[in-house]
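Undergrad: Take this structure first; my questions come after.
The values are calculated or read from the model by the stated rules, or taken from the named source; none is laboratory data. Please read these numbers as outputs of a predicted model, since none were measured by experiment. We place every Cβ from the backbone using ideal geometry, glycine too, and count neighbours over all the protein chains shown.
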Amino acid sequence: MGYSMDMSKEQKKKPLLPEGWRPFKIVGCEESMSKAGNEMFIFTFMDIETKQEAEIYAVSVPKKRWFLKAILAACGVDAAEDGVYNWDIPDVMEKAVSGYVEHEDKEWVNRNNETVVSKKSKITNVEEIDPQELAKVIEKSGSF
């Protein structure tokens, strides 16, 4: 008997990203639906220095789009005079942004049915990256 298992989404525990403002490149963006039924976009940010990736969930429902708006602004996507953003996924792909990383507690239950608290990196804010800072990061890391 053989087994056929899709393990494409399996990965080792990710190390924590350093806290504070970090340089990121957007390497992925896809439309999705949250567990609560809200339309959203899942962005994949890659830390330019460490090459670690982090997923960002940006809800796209009215009155809840503040994080999506911040990401679009950081990518240079501007709203029209009426406040409407006309954009598409290629407008944000491969863009450099600055993201603020915080460490937060994540509670989970292990195999022994014990509650464990560990730290998790979370990007809580996104802004346009300073071009001079980006140039320094690229020079230091050797790539973008």
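Undergrad: Please list, ordered by first then second residue, the pairs with beta carbon atoms under 6 Å, 6 or more apart or interchain, first in the stretch 21-40 and under 16 Å from SER141 (Cβ atoms) and modelled with pLDDT of 95 or more, second surrounded by 13 or more Cβ atoms within 10 Å (Cβ to Cβ) and of a type in the set (D, E, K, R).
TA: ARG22/ASP47; PHE24/ASP47
Undergrad: Could I ask something else about it? Collect the residues in the stretch 66-84 that are modelled with pLDDT of 95 or more and of a type in the set (D, E, K, R), keeping them in residue-number order.
TA: Selection gives LYS69 alone.
Undergrad: Something else now. What tally of residues in the stretch 113-144 results from selecting those that are under 20 Å from the mean Cα position of the chain (by Cα) and on the phi > 0 side of the Ramachandran plot?
TA: 0
Undergrad: Please work out which residue is surrounded by the fewest Cβ atoms within 10 Å (Cβ to Cβ), limiting yourself to the stretch 12-53 and to residues that are basic (Lys, Arg) and touching a strand residue (DSSP E or B) at 6+ places or on another chain (Cβ under 8 Å). Break it down into steps so the answer makes sense when it comes.
TA: As a first pass, look at the stretch 12-53 and keep what is basic (Lys, Arg): 12-14, 22, 25, 35, 51.
Next, from what is left, pick out any that are touching a strand residue (DSSP E or B) at 6+ places or on another chain (Cβ under 8 Å): 14, 22, 25.
On the way: LYS14: 11, ARG22: 23, LYS25: 21.
Only one residue tops the list, namely LYS14.
Undergrad: Of the residues GLU114, GLU107, GLU127, GLU81, which single one is closer than 20 Å to TRP21 by Cα and among the acidic types (Asp, Glu)? Lay out the reasoning, then the answer.
TA: On the way: GLU114 fails: closer than 20 Å to TRP21 by Cα; GLU107 fails: closer than 20 Å to TRP21 by Cα; GLU81 fails: closer than 20 Å to TRP21 by Cα.
The unique qualifying residue is GLU127.
Here's the yes/no breakdown for (1) touching a helix residue (DSSP H, G or I) at 6+ places or on another chain (Cβ under 9 Å); (2) within 18 Å of LYS51 (Cβ to Cβ):
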{"position": "PRO90", "(1), (2)": "no, no"}
{"position": "GLU94", "(1), (2)": "no, yes"}
{"position": "SER98", "(1), (2)": "yes, yes"}
{"position": "HIS103", "(1), (2)": "no, no"}
{"position": "TRP108", "(1), (2)": "no, no"}
{"position": "LYS119", "(1), (2)": "no, no"}
{"position": "LYS136", "(1), (2)": "no, yes"}
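Undergrad: Within the stretch 35-44, identify whether any single residue is aromatic (Phe, Trp, Tyr) and over 23 Å from GLU94 (Cα atoms), and answer yes or no.
TA: Residues of the stretch 35-44 that are aromatic (Phe, Trp, Tyr), as a first pass: 41, 43.
Narrowing the set further to residues that are over 23 Å from GLU94 (Cα atoms) leaves none.
For the stretch 35-44, residues aromatic (Phe, Trp, Tyr) and over 23 Å from GLU94 (Cα atoms): absent.
Undergrad: Checking MET7 against (1) within 19 Å of LEU134 (Cα to Cα); (2) out of contact with any Leu (no Cβ under 7 Å at 6 or more places or on another chain), which test does it fail?
TA: (1)
Okay, residues lined up against (1) of a type in the set (Asp, Glu); (2) over 12 Å from the mean Cα position of the chain (by Cα); (3) more than 17 Å from ASP91 (Cβ to Cβ):
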position	(1), (2), (3)
GLN11	no, yes, yes
PRO15	no, yes, yes
ILE26	no, no, no
MET33	no, yes, yes
GLN52	no, no, yes
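Undergrad: Any residue at all in the stretch 81-102 that is more than 19 Å from the chain's Cα centre (by Cα), over 14 Å from CYS29 (Cβ atoms), of a type in the set (Val, Ile, Thr) and surrounded by 10 or more Cβ atoms within 10 Å (Cβ to Cβ)?
TA: Scanning the stretch 81-102 turns up no residue that is more than 19 Å from the chain's Cα centre (by Cα), over 14 Å from CYS29 (Cβ atoms), of a type in the set (Val, Ile, Thr) and surrounded by 10 or more Cβ atoms within 10 Å (Cβ to Cβ).
Undergrad: Just give me the residues in the stretch 54-66 being within 24 Å of PHE144 (Cα to Cα) and surrounded by 17 or more Cβ atoms within 10 Å (Cβ to Cβ), in sequence order.
TA: ALA54, ILE56, ALA58 - these are the residues of the stretch 54-66 that are within 24 Å of PHE144 (Cα to Cα) and surrounded by 17 or more Cβ atoms within 10 Å (Cβ to Cβ).
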